[in-house]
1. Relative to the longest principal Cα axis of the chain, at what angle does helix 3-15 sit, 0 to 90 degrees, rounded to 10?
2. For the chain, what does the helix formula give at 222 nm: sum of -39500 (n - 2.57) over DSSP H segments with n ≥ 4, over the residue count, nearest 500 deg cm²/dmol?
3. How much length, in nm to one decimal, is gained on full extension between residue 23 and residue 134, taken as 0.36 nm per residue of separation minus their Cα-Cα distance?
4. Just for the Cα atoms in the chain, what are the lengths along the principal axes, largest first, rounded to whole Å?
5. Would you kindly state how much longer the chain becomes between residue 50 and residue 185 on full extension, computed as 0.36 nm times their sequence separation minus their alpha carbon distance, in nm to one decimal?
6. Can you tell me the 0 to 90 degree angle between the C-alpha axis of helix 199-208 and the longest principal axis of the chain, rounded to 10?
7. What spacing in nm lies between the two simple spin-label points modelled at residue 90 and residue 262, each 7 Å away from Cα in the Cβ direction?
8. What relative contact order, as a whole-number percentage, does the range 3-84 give when Cα pairs under 8 Å and 6 or more residues apart are counted?
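Bear in mind that the values in this text are calculations on the coordinates, not laboratory data. Remember, it's a predicted structure, so these values are computed and weren't measured experimentally. Heads up, the Cβs are rebuilt from the backbone with ideal geometry, glycines too, and the neighbour counts pull from every protein chain shown.
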């Protein structure tokens, strides 16, 4: 029994497909199948029922896979201990980040990170909160960057910064004439929203209230997007209003900034942080990532005072 064999069976369990598992492990499918068969022969059991599509673990295979994940985690901790003691800042760090953070945060720290740590390979995957949690549990990523809190007992949460929300208002909208907006002034029926599955959507609805639209005119059209940039373009064409995270202003033209309105206190904002496994695999690399992010974001976002802030966690 070898660690690569355990990695192969875990990969098949994750992808439910021998070919995709082989691609993930950077080996050929025949090699992967042969190694898994050798492990099955050594254990005297079938780990996978190959007659089913997608491939699924047998009853005994489920137990073997559970233990295989534990063994691989513990093996990873050995490497982690050595890296922490020797200061060897090298390796692969697989990062999952939600789409409403990714385009605004990554450009702030990526250049600095790659320059300071050329021996660390960052693999960044833009996925939803739900996928980040699933990928962490299947060991497909090492750390997630998302909106907190998650409140998952199997994962560690580490707060990074607090990001205020802004309102993006079309020139034809009544709120365009105001310098600052009160949360209660936002007409729910005018909001352009992200699609279901994005925590930014849930935060938006929590700020504006799900029931504000009751008794009011219905929308002229319903449009939900997976991209904040798409919603911004619709606002620019006088189709309503939408919420933005503050970092979205970093690369805005003056013309677009003219459509941005800040909120009056208490200012709604979201908490951004890291989540990772309690096994603390690659702790050294995760700490390096955290420090680089904190060093490169606007310092005002590090103020964690909650006295005048409307806290918004994920459901």
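1. Relative to the chain, helix 3-15 is tipped by roughly 50 degrees.
2. -12500 deg cm²/dmol
3. That works out to 38.0 nm of additional length.
4. Its Cα atoms span 74, 47, 32 Å along the three principal axes.
5. Value of the extension gain: 42.8 nm.
6. 30 degrees
7. Going from the residue 90 label point to the residue 262 one covers 4.7 nm.
8. Rounded, it is 29 percent for the range 3-84.
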